[in-house]
Amino acid sequence: MGRDDRSDRGDSRRGDPHITAATGARLRVDVRQPPGAPDLARDVVAGLGASPKSLPPKYLYDDRGSALFEAITRTAEYYPTRAEVALLESVAAEVADSTRAAELVELGSGSARKTRTLLDALGASRREVRYVPFDVSEGALRRSAEDLLRAYPLLRVHGVVGDFHRDLGAVPEGGRRLVAFLGSTMGNLSDDEALALLAQVRAVLGPGDHLLLGLDLVKDEGVLLAAYNDSEGITAAFNLNLLAVLNRGLDADFDPARFEHLAFWNPGAKRMEMHLRARLAHRVRFRALDLDVDFAEGETLHTEISRKYLPGEVRDLLQSADLRLVRWWAAPEPAFGLALATAAPAPP
Ligand code: SAH
Ligand code: AVI
């Protein structure tokens, strides 16, 4: 473990009143985030120095961003969560039967709302199961771990706070494993990043282990546009919150009133794109970096892609990372898919 890492047992941390001896003894959290904000500084220098300007989507998820994402999932227009939950509920028993997993690793676990469906199917209320949430958002991970420990008295949680592009090696050795990557969070990665991540996931899968991958599917443009431009303005607040993250993390002076939320469908790349568009030409100062960044009127900062997949792409995508599709379940309208894959070689 590197110099900058922290690891603690839940009962020793910060006097959190929700952590009791009963849950604390079953909780371990490894923090792989370097202190300070070196990632953010590096990504801002690279991403805001480039044209077009962009930043990786992980910075959207500070505590407020994670809460706003949860609020998005409850809007009338944001269908992916409801579609995936319904599909997951209908196939969880088959997933448990096929995998017979004793451990659930969840990448981008967030609030872990969908996790209970899998834990229930894996029998976590009557036998010991280990849950390994992996998320860049420490607050969301700790809160969800505590909730699950209270709900499942036999559960053990070993969380990892880190970036799944870099820190997947911090996933602890484990038993018969199911890795879940839900919510179509993989769609927030470029195709190259997704492939690299799948290859790393493959490396943590032993014989008999599985990956469960939730993927949002290409659909009617109107449905997509509504989902990323909800009428309550919560997605806009989620997007604009990135400016508060930059102000706090790098002592910048973004004025959110000078930007507007923009989300559109890019048919060529089969993805939704989320941007922040400057309403007027202005200069932003990053005091922590001694850096000024100029925005032209109408210029955008690209904050997220959300790739939508065709069912026919999934097998090849997995195969490119040496993974084998064993089951595919898809819900129609709004179309959403769940792929179950294994690292085992295909039969001759
Ligand atoms: N799985 C949940 C949450 C999806 S939101 C669901 O299906 O509803 C995406 C989650 O991925 C957030 O919790 C965010 O903090 C996390 N995340 C985003 N980028 C990440 C990264 N690079 N490494 C680890 N976690 C990341
Ligand atoms: C987490 N991720 C899959 C969400 C998505 O749909 O791309 C994040 C989000 N962005 C805007 N709304 C929701």
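Let's see how each residue does on (1) open to solvent by 20 Å² or more (accessible area, probe 1.4 Å); (2) of a type outside the set (S, T, N, Q); (3) over 20 Å from ASP43 (Cβ atoms):
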position	(1), (2), (3)
LEU189	no, yes, no
LEU197	no, yes, no
VAL201	no, yes, yes
ASP220	yes, yes, yes
LEU225	yes, yes, yes
TYR228	no, yes, yes
PHE238	no, yes, no
ASN247	yes, no, no
ALA263	no, yes, yes
Restricting to the range 138-163, name every residue that is surrounded by fewer than 23 Cβ atoms within 10 Å (Cβ to Cβ) and either more than 16 Å from the chain's Cα centre (by Cα) or within 14 Å of ligand 2 (Cβ to nearest atom) (or both). GLU146, ASP147, LEU148, ARG150, ALA151, TYR152, PRO153, LEU154, LEU155, ARG156, HIS158
HIS302 vs. criteria open to solvent by less than 70 Å² (accessible area, probe 1.4 Å) and in contact with a Phe, Trp or Tyr (Cβ under 8 Å, 6 or more places away or on another chain): no
Lone qualifier among ALA321, ALA335, ALA343 - being open to solvent by less than 60 Å² (accessible area, probe 1.4 Å), touching a residue at least 12 places away in the same chain (Cβ under 8 Å), under 21 Å from the mean Cα position of the chain (by Cα) and under 19 Å from LEU198 (Cα atoms): ALA321
What single numbered condition from (1) under 18 Å from the mean Cα position of the chain (by Cα); (2) open to solvent by 40 Å² or more (accessible area, probe 1.4 Å); (3) within 16 Å of ligand 2 (Cβ to nearest atom) fails to hold for MET274? (2)
Residues that are at pLDDT below 75: which helices (runs of 4 or more DSSP H) entirely in the range 1-89 hold 1 or more of them? 21-24
Take PRO267 and decide whether it is in contact with a helix residue (DSSP H, G or I) (Cβ under 9 Å, 6 or more places away or on another chain), surrounded by fewer than 16 Cβ atoms within 10 Å (Cβ to Cβ), under 20 Å from ASP220 (Cβ atoms) and not charged (D, E, K, R). yes
Quick check on this structure: which one of LEU87, LEU122, LEU149, LEU155 is in contact with a Leu (Cβ under 9 Å, 6 or more places away or on another chain) and within 26 Å of ALA194 (Cα to Cα)? LEU87
Of these, SER98, SER144, SER111, which one is in a helix (DSSP H, G or I) and within 16 Å of ligand 1 (Cβ to nearest atom)? SER144
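The values are calculated or read from the model by the stated rules, or taken from the named source; none is laboratory data. Source: prediction; values computed, not measured. Every residue, glycine among them, receives a Cβ derived from its backbone with ideal geometry; neighbour counts consider all protein chains shown. Protein only, heavy atoms only, side chains kept; ligands, DNA and RNA dropped before computing areas. Shrake-Rupley method; radii C 1.70, N 1.55, O 1.52, S 1.80 Å.
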